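Nothing in this text is a laboratory measurement; each read-out follows from the coordinates by a stated rule. Please read these numbers as outputs of a predicted model, since none were measured by experiment. Neighbour counts are summed over all protein chains in view; Cβ atoms, including those assigned to glycine, are modelled from backbone coordinates with ideal geometry.
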């Protein structure tokens, strides 16, 4: 059994390429900064961390998810088909 691990905002900025928030905003991550793809606003990753719903790496694979706004952001492991 694979255990889920909590992903901190530091790990998020290192491992993720982009994130999607609960308000359907998409941010591209550049180091510790998050750039909104729609309007170009720049914010620290720490400021948007609790709004992040899904994190994606540079291979377009989901690496972390949060189902509800009050849940923790956990690493995501895709289930293998039997």
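In this simple spin-label approximation, residue 79 and residue 20 carry label points 7 Å from Cα along the Cα→Cβ vector, and these lie 1.9 nm apart.
Among 65, 37, 15, the largest mean-square fluctuation in a Gaussian network model of the chain (Cα springs under 10 Å) belongs to 37.
In terms of its C-alpha gyration tensor, the stretch 9-75 comes out rounded, because the ratio a/c of the largest to the smallest axis stays below 1.5. Each Cα pair under 8 Å and six or more residues apart adds its separation to the average, and for the chain the resulting relative contact order is 28 percent. Maximal additional length on extending the residue 6-residue 51 stretch stands at 14.7 nm, based on 0.36 nm per residue less the C-alpha distance.
Stretched out straight at 0.36 nm per residue, the stretch from residue 42 to residue 65 would grow longer than its current Cα-Cα span by 6.1 nm.
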